[in-house]
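The values are calculated or read from the model by the stated rules, or taken from the named source; none is laboratory data. Since the structure is predicted, the reported quantities are computational estimates derived from the model, not experimental observations. When we count neighbours, we look across all protein chains shown, and the Cβ atoms used for this are built from the backbone with ideal geometry, even at glycine.
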Amino acid sequence: MISVNFNFVIQFVSFIILVFVLKHLLFQPMLSIFQQREAKTEQPFETASQLSRQIEQQLIQYKEKITQAQAEAKEIKAQLKREGVAVERELIDTARKESFQALEAARQTIAKESSQIKAKLEKEVDNLSMAVFDKIANG
């Protein structure tokens, strides 16, 4: 059988008292210090990871905006090109019409002047014929 003597009881009670005293005087303050230290070291890491996530989100947003801006720029470029082609066609058509009108006006002017010159020449030929005839007849 196990016999319990008085010495053992005193040591056991002393141990229990020592555990409670150490718990309140040593272990809890040390745990508190460790927790504070851990909180202080974890806070910068948490802040850094949070900032890293924010930066990644902003980079994604910037990339999306850049992609969107590039798409808009391509669309604007295509639209301007289409408008430029339309303006070019319009200018070419206008130039063709104007050149055709100028050519027609020149043809009309030439035809008018040539008929005037022809009429003048016919009068001069008649006059010269009459003059030659008069010279031959009077002559």
*Do we have Ile76 as modelled with pLDDT of 90 or more and either touching a Phe, Trp or Tyr at 6+ places or on another chain (Cβ under 6 Å) or of a type in the set (Val, Ile, Thr) (or both) here?*
yes
_Test: residue in segment 80-93 that is part of a helix (DSSP H, G or I), modelled with pLDDT under 95, of a type in the set (A, V, I, L, M) and over 35 Å from the mean Cα position of the chain (by Cα)_ = no
_Criterion (out of contact with any helix residue (DSSP H, G or I) (no Cβ under 7 Å at 6 or more places or on another chain), on the phi < 0 side of the Ramachandran plot, part of a helix (DSSP H, G or I) and surrounded by fewer than 10 Cβ atoms within 10 Å (Cβ to Cβ)) met by exactly one of Phe45, Phe27, Phe34, Phe12_ = Phe45
